[in-house]
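> My structure is below; once you've seen it, I'll send some questions.
The values are calculated or read from the model by the stated rules, or taken from the named source; none is laboratory data. Here the structure is a predicted model, which is why all the values come from computation and not from measurement. Using ideal geometry, Cβ is built from the backbone for each residue, glycine included, and neighbour counts are taken over all protein chains shown.
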Amino acid sequence: MVQAVASRVTRRTVGVIGDGAFKVLLAVVYIAGAGPLGRLLGVSVWLMVASGVALLIGGGTEIGYTSSRSMRTYTKLMVAYDSGWVLTALAGLLMAWRASSAGGEVWMGYQAAAPMVFAALLIAADQG
């Protein structure tokens with residue numbers, strides 16, 4: 001029994017769990033520090049909290065489905081999610097550099113929407 005469980009835990013599995021745990025940790029930080037972080041980023045408190053809740057759902061779903069979804073599915077979804085995160089962060093930085101106040105809203109808006117899409121796609125994916 002121990003060997004059966006150990007054989008399913010690969011580096012990819014650990015990576016998926018780590019990615020989900022990071023989302024959950026970030027969610028706690030966003031929710032707990034919504035006021036100060038929102039002021040720093042120029043974002044309203046409700047958007048910080050909404051982003052935190054979305055990350056909590058996304059990260060929890062990611063961890064919860066680890067044993068019932070293929071690592072190929074996870075890899076595709078994580079690459080898409082992280083690529084969007086990087087592009088949105090760059091767009092936010094560009095906006096801030098150009099003295100726009102919308103940079104933080106764009107970045108946090110992505111973090112409010114993308115984890116929900118990630119979770120929905122993961123739930124809808126075939127088991128495997």
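> Among what's in the stretch 62-84 and is of a type in the set (K, R) and part of a helix (DSSP H, G or I), pick the residue that is farthest from A34 (Cα to Cα).
If we filter the stretch 62-84 for residues that are of a type in the set (K, R), which is where we start, we get 69, 72, 76.
Filter again for part of a helix (DSSP H, G or I), leaving 72, 76.
Details: R72: 35, K76: 31 Å.
Looking at the filtered set, the residue picked out is R72.
> Out of curiosity, is G59 in contact (Cβ under 8 Å) with a residue 12 or more places away in the chain, under 12 Å from the mean Cα position of the chain (by Cα) and at negative phi?
Numbers: in contact (Cβ under 8 Å) with a residue 12 or more places away in the chain: yes; under 12 Å from the mean Cα position of the chain (by Cα): yes; at negative phi: yes.
Yes, satisfied.
> Check whether at least one residue in the stretch 85-96 is in contact (Cβ under 8 Å) with a residue 60 or more places away in the chain, in a helix (DSSP H, G or I) and out of contact with any strand residue (DSSP E or B) (no Cβ under 6 Å at 6 or more places or on another chain), and report yes or no. It would help to see each step written out before you state the result.
Of the stretch 85-96, the ones in contact (Cβ under 8 Å) with a residue 60 or more places away in the chain are none.
No, the stretch 85-96 contains no residue that is in contact (Cβ under 8 Å) with a residue 60 or more places away in the chain, in a helix (DSSP H, G or I) and out of contact with any strand residue (DSSP E or B) (no Cβ under 6 Å at 6 or more places or on another chain).
> Just one of G59, G38 is at pLDDT 90 or above, buried (at least 19 other Cβ atoms within 10 Å of the Cβ), over 30 Å from V9 (Cα atoms) and not acidic (D, E); which is it?
Going through G59, G38 in turn, the sole match is G38.
> Then there is this: Considering only the stretch 15-61, how many residues are hydroxyl-bearing (S, T, Y) and part of a loop (DSSP other than H, G, I, E, B)? Before the answer, list the steps.
From the stretch 15-61, those hydroxyl-bearing (S, T, Y) are 30, 44, 51, 61; that's our starting set.
With the extra rule that they be part of a loop (DSSP other than H, G, I, E, B), the set shrinks to 44.
So the count comes out to 1.
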